[in-house]
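Just below is one structure, and these are the notes that go with it.
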Amino acid sequence: MVNEQKKVMMEVKNINLRFGGVIAIQDVSFDIQEGEIRAIIGPNGAGKSSMLNVINGFYHPQEGEIWFRGEKRPSMEPYEVAKTGIARTFQNIALFKGMTTIENVMTGRQLQMNKNFFWQLFRYGPAIEEEVEHRKRCEEIIDFLEINHIRKSPVGSLPYGLQKRVELARALAMEPELLLLDEPMAGMNVEEKQDMSRFIIDVNEEFGTTIALIEHDMAVVMDLADRVVVLDYGKMLADGTPKEVQSNQAVIDAYLGVAH
Amino acid sequence: MYFRETGQFKSKYKEELAAFPIFEDKIGIAIAALLAFVLIPIFGLPGLSWDFTMSAVMIPVVIFTITTLGLNILLGFAGQISLGTAAFMGVGAYSCYKIMTIFPDLNALICVVLSGIVTAFVGTIFGLPSLRIKGFYLMVATLAAQFFLEWAFIRIPWLYNYNISGAIEVPYKEMFGIVLTGAKSEPLTRYFVCLGFLVVLTWLASNVIRGRIGRSWMMIRDMDIAAELIGVRPLTAKLSAFAFSSFYIGISGALMVFFWLGAAEVESFDINHSFTYLFMVIIGGLGSITGCYFGAILVWVVPVILKEYGKSVFGIDAFVMENFTTILLGVVMVVILIVEPHGLARIWQIAKQKLRLWPFPY
Amino acid sequence: MDLLTGIFITPFAEMIGLPDLFFQALWDGFVSGTLYGLIALGFVLIFKASGVFNFAQPILVVLAALALISFYKMGVPAWISVVLVLIMFYALAWLIERLILRKLVNTDGNILFMSTVALSFIIIGAAQWIFGGRPSSMIHKELGFPVGSVEWPMFGGGVYFELLDISAAVVAVLLIVCLGLFFSRTKIGRGLRAVADDHQAALSVGISLNQIWVIVWFVAGVVALVTGIFWGARSDVSFALQIIGFKALPVLIIGGFTSVPGAIVGGLMIGIGEKMFEIYWGPLLGSGVEGWFAYFIALGFLLFKPQGLFGDKIIERV
């Protein structure tokens, strides 16, 4: 599973993140290899989401470095990180509630569109061609994720599982190199989880997208992930293949609890 | 099934991206255009004199629709609240006056457009706080703009050319031998100038809103954090919304003084007017261009007509009617908020939905 | 160069050179500050208790003052008029709850805010219709508040204290203390805070939303009446008082939307700050800067301390 020849895409080194006196992440380092599915697991409040927030520039760690594609990344704002090809979904759905499904997916193309204000103003020539071209691309993604039937529904009224899928579609529309998924299967029933897992694998295999995901369902993680990082109270407990992690004593203790 | 999409297939994305993809909508627009361009200018409105129809109903409502468009772009599409609308209209009016004074030979219409650009700059400056704050906090920041600008309109005599009256006095302007502004201009000319602006500005607004920039505004409105993580730069998105919106508001301010009132003092730009424009947007429908038309018509035309009928038909005192319409406006607003917070535009949409299925409700 | 001296040197020289004038300005600022704080308190009460940003508060002040004067002019004794106004406000609170707020439970804060803007239109129309639009003068003398002033010699000059201002400050402070105790110590106060946090959750633990709202709006009405009496006595009673009411908004920004002490401190800062600016820096710009300076103080705060003096820093989560 772990292929030594694979290139490292992203590496986080000795990240420390504090909010006032609260330590959210303490000295965490791991890497993400190109083309793999990397899972981050841990109990609630372990700092998983904070870790994703650090990766996409929403939080700025007090200490630590982020290396992306062999270069040290300077401190960036989230919109700059998005330009480097990192997309994400959210734990609590963060769709644009005032828009329809197709419009939401189109927002993912925002960065690829670049025709200037004056073409936009007249919606003519290059601007409309661009719009049509990206619309085509979005329709393909909608097709891929099997959400054609809700294309024109306002997202606010969709059931939870579909909203999650639209969010994935939006992230895919960005054509990211690294896709961060924050609990993509939270609150889903078994069937929906199966669908979602299938999509994640398809994305990874068909588009070659590198994926880092946070998930609580261990069965899913063990099936999907190539390698797993375990966090607990902001510290790193283990890093390795699902098998290795599963048999790691510290991890078992953290999940089952030990007598102190 | 009066109103239906079925059977109207689109084979190209381009067709579906058109402004009015559905045939029935096109008919509706044609009827509205016929009314606005031909029927009302010729016959006026029933029960009202032609002069009154033009100068107290049609010209202002067209101008206020432009204002409402501007405010709706900011509030309805970009989600940034502003209570400084009236003051920004003032910026448009005073800058138009200054431009006309400095370049006396410049065409009046170009002056109006330029004053829109000036207002866009001023609006962007007062939009800067939106980068740090939102919601009610931003509202207070825009109040700062409102009160500061009101003060400036009084205390900086340069703005009104040191006129003793302290007011803008509209100069005489003509184009192709037709008098555009000043006391001698025909109401019909002024009406068509305003209507022309409205049509062009509506078209431009609908273009921008359906494209990349409009989407970035709506992203910021709906979920600013997610928008940023997708790559929208809040600075650009918010400030462009302020600029674009202020451009509209500035143009409407210039039109209001030069093509409707004929003279203006600071009272035309006070905070109560800002509230009225806010009402137009809310009653019409946040985030809807059609709604801007509904809102301006309901908030402006209905009270004016009521007042006029009240006076001529029932002989009611103007003071009483004035207060009655103020109360009515408040009541309508409350009812709209309770029944359908998305305003008349949404009610219209629901009605269309019903027509789509009629006479079979399911 | 002239400008720089005008900004940085002359005002301070004047302050030191004429200390009696300085203290006079300080006192005037203090009095208007307490009254700003009082209006702001009206906002805070309703915001704390129902999450409604009540834009009608300024117009409630006008309404209170106008109604009081009208009752008195109809021949009702002054203090009975006060009672009548209070009864009127209770009825109004009940109506507002019944007709507007009850229908808007659990809606978005923006919609509630808009409904109070609409409400202020209704009140403006009604008040103008019933009481007429002409400015009239307050009946503070008839209510037994002292008039005239005392002069307190100081630094070779003298500072005038209007007796009315002194009573305004005293009443304002008393009212603020009472309300503070009411909120922190009584059962109703706790209920109010619960409602502010979450309508549904409050309902589920058995708090009557409707009753709470009536009480809060009534209390806001009482605050409006007190402010109306004293502001009305300082100037005329007219719809222009509404603009003074808006000054409470920057106060809220400085003090935070939910903090009672914040409203007081913010009010004093705004009151004193704008008075000083008007007297010492105003001449540079032409007079009337009082109209907007308060908002610029608030803007400054927003840019450097967006959560206000007494607010907590909010960590945004994704």
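The values are calculated or read from the model by the stated rules, or taken from the named source; none is laboratory data. Keep in mind the model is a prediction, meaning the values are calculated, not measured. Neighbour counts run over all protein chains shown; Cβ positions are idealised from the backbone, glycine included. Surface areas here come from the heavy atoms of the whole protein model, side chains and all, with no ligands, DNA or RNA. Shrake-Rupley method; radii C 1.70, N 1.55, O 1.52, S 1.80 Å.
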Of all residues making up segment A:86-102, the number that are surrounded by fewer than 21 Cβ atoms within 10 Å (Cβ to Cβ) and of a type in the set (D, E, K, R): 1
Answer from C:SER70, C:SER50 - the residue that is on the phi < 0 side of the Ramachandran plot and open to solvent by 10 Å² or more (accessible area, probe 1.4 Å): C:SER70
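For every residue, the table says whether it meets (1) free of Cβ contacts under 8 Å to residues at least 24 places away in the same chain; (2) among the β-branched types (Val, Ile, Thr); (3) more than 13 Å from chain B (Cβ to nearest Cβ); (4) surrounded by fewer than 19 Cβ atoms within 10 Å (Cβ to Cβ).
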{"site": "A:GLU130", "(1), (2), (3), (4)": "yes, no, no, no"}
{"site": "A:ASN148", "(1), (2), (3), (4)": "yes, no, yes, yes"}
{"site": "A:ARG151", "(1), (2), (3), (4)": "no, no, no, yes"}
{"site": "A:GLY156", "(1), (2), (3), (4)": "no, no, no, yes"}
{"site": "A:TYR160", "(1), (2), (3), (4)": "no, no, yes, yes"}
{"site": "A:LYS164", "(1), (2), (3), (4)": "no, no, yes, no"}
{"site": "A:PRO176", "(1), (2), (3), (4)": "no, no, no, no"}
Filter result for B:LYS184 (charged (D, E, K, R) and open to solvent by less than 30 Å² (accessible area, probe 1.4 Å)): no
Members of segment B:202-241 that are more than 8 Å from chain A (Cβ to nearest Cβ), over 25 Å from B:SER252 (Cα atoms) and among the charged types (D, E, K, R): B:ASP224
Residue check, A:GLU71 open to solvent by 10 Å² or more (accessible area, probe 1.4 Å) and away from every other protein chain (no Cβ under 14 Å): yes
Residues located in segment C:270-307, provided they are within 7 Å of chain B (Cβ to nearest Cβ) and among the acidic types (Asp, Glu): none
Tabulated pairs, segment A:53-75, first at pLDDT 85 or above, second open to solvent by 60 Å² or more (accessible area, probe 1.4 Å) and among the small types (Gly, Ala, Ser), C-beta under 6 angstrom, 6+ apart or interchain: A:HIS60/A:SER75
Residues within segment B:300-322 that are assigned to a helix (DSSP H, G or I), open to solvent by less than 70 Å² (accessible area, probe 1.4 Å) and more than 24 Å from B:MET58 (Cβ to Cβ), tallied: 1
Inter-residue pairs, beta-carbon under 7 Å, first facing another protein chain (nearest Cβ under 8 Å) and in segment C:116-128, second assigned to a helix (DSSP H, G or I) and among the small types (Gly, Ala, Ser), 6+ apart: C:ALA118/B:GLY330; C:LEU119/B:GLY330; C:PHE121/B:GLY330; C:ILE122/B:GLY330; C:GLY125/B:GLY330
Scope segment A:49-68; condition closer than 12 Å to A:GLY234 by Cβ and either away from every other protein chain (no Cβ under 14 Å) or not polar (S, T, N, Q) (or both); matching residues: A:MET51, A:VAL54, A:PRO61
Selection count where residues are closer than 22 Å to C:LEU41 by Cα and open to solvent by 40 Å² or more (accessible area, probe 1.4 Å), scope segment C:265-292: 6
Filtered residues of segment A:98-118 (kept if closer than 11 Å to A:VAL155 by Cβ and either more than 8 Å from chain B (Cβ to nearest Cβ) or acidic (Asp, Glu) (or both)): A:THR100, A:THR101, A:ILE102, A:GLU103, A:ASN104, A:VAL105
Qualifying residue in segment B:238-258 (condition: surrounded by fewer than 19 Cβ atoms within 10 Å (Cβ to Cβ) and either out of contact with any Gly (no Cβ under 9 Å at 6 or more places or on another chain) or without any contact (Cβ under 8 Å) to a residue 60 or more places away in the chain (or both)): no
Residue satisfying condition, being more than 20 Å from A:LEU168 (Cα to Cα), surrounded by 15 or more Cβ atoms within 10 Å (Cβ to Cβ) and within 14 Å of another protein chain (Cβ to nearest Cβ), within set A:ALA24, A:ALA46: A:ALA24
Pairs with Cβ under 6 Å, 6+ apart, first in segment B:315-343 and more than 9 Å from every other protein chain (Cβ to nearest Cβ), second open to solvent by 60 Å² or more (accessible area, probe 1.4 Å) and part of a helix (DSSP H, G or I): B:MET321/B:LYS307; B:GLU340/B:ARG346; B:GLU340/B:ILE347
Residue list for segment A:1-22, restricted to those being at pLDDT 85 or above and more than 24 Å from A:GLU71 (Cβ to Cβ): A:ARG18
Residue selected from segment B:151-168 under the condition in a helix (DSSP H, G or I) and open to solvent by 40 Å² or more (accessible area, probe 1.4 Å), by the criterion nearest to the other protein chains (Cβ to nearest Cβ): B:ARG155
Leading residue by the ranking (farthest from C:ILE123 (Cα to Cα)) among those in segment C:53-65 that are open to solvent by less than 10 Å² (accessible area, probe 1.4 Å) and part of a helix (DSSP H, G or I): C:ALA65
Number of positions in segment A:208-236 that are open to solvent by less than 20 Å² (accessible area, probe 1.4 Å), touching a strand residue (DSSP E or B) at 6+ places or on another chain (Cβ under 6 Å) and aliphatic (A, V, I, L, M): 10
Subset of segment A:237-246 [open to solvent by 30 Å² or more (accessible area, probe 1.4 Å) and part of a strand (DSSP E or B)]: A:LEU237, A:ASP239
Failed criterion for B:THR325 (all others in (1) at pLDDT 85 or above; (2) open to solvent by 20 Å² or more (accessible area, probe 1.4 Å); (3) more than 28 Å from B:THR189 (Cβ to Cβ) hold): (2)
Yes/no for B:SER49 being of a type in the set (Gly, Ala, Ser) and touching a Phe, Trp or Tyr at 6+ places or on another chain (Cβ under 9 Å): no
Yes/no for A:LEU180 being in a strand (DSSP E or B), within 14 Å of another protein chain (Cβ to nearest Cβ), of a type outside the set (Lys, Arg) and within 25 Å of A:VAL54 (Cα to Cα): yes
Residues within segment C:99-119 that are open to solvent by 10 Å² or more (accessible area, probe 1.4 Å) and farther than 20 Å from C:LYS48 by Cα, tallied: 1
Segment B:74-125 - residue that is without any contact (Cβ under 8 Å) to a residue 40 or more places away in the chain and in a helix (DSSP H, G or I) and, of those, least open to solvent (accessible area, probe 1.4 Å): B:ILE99
Residue identified as free of Cβ contacts under 8 Å to residues at least 60 places away in the same chain and either in contact with a strand residue (DSSP E or B) (Cβ under 9 Å, 6 or more places away or on another chain) or under 26 Å from B:ASN272 (Cα atoms) (or both) among C:ILE244, C:ILE207, C:ILE188, C:ILE254: C:ILE254
Residues of segment C:129-152 classified as open to solvent by 80 Å² or more (accessible area, probe 1.4 Å) and either at the interface with chain B (Cβ under 8 Å from one of its Cβ atoms) or outside any loop (DSSP other than H, G, I, E, B) (or both), total: 4
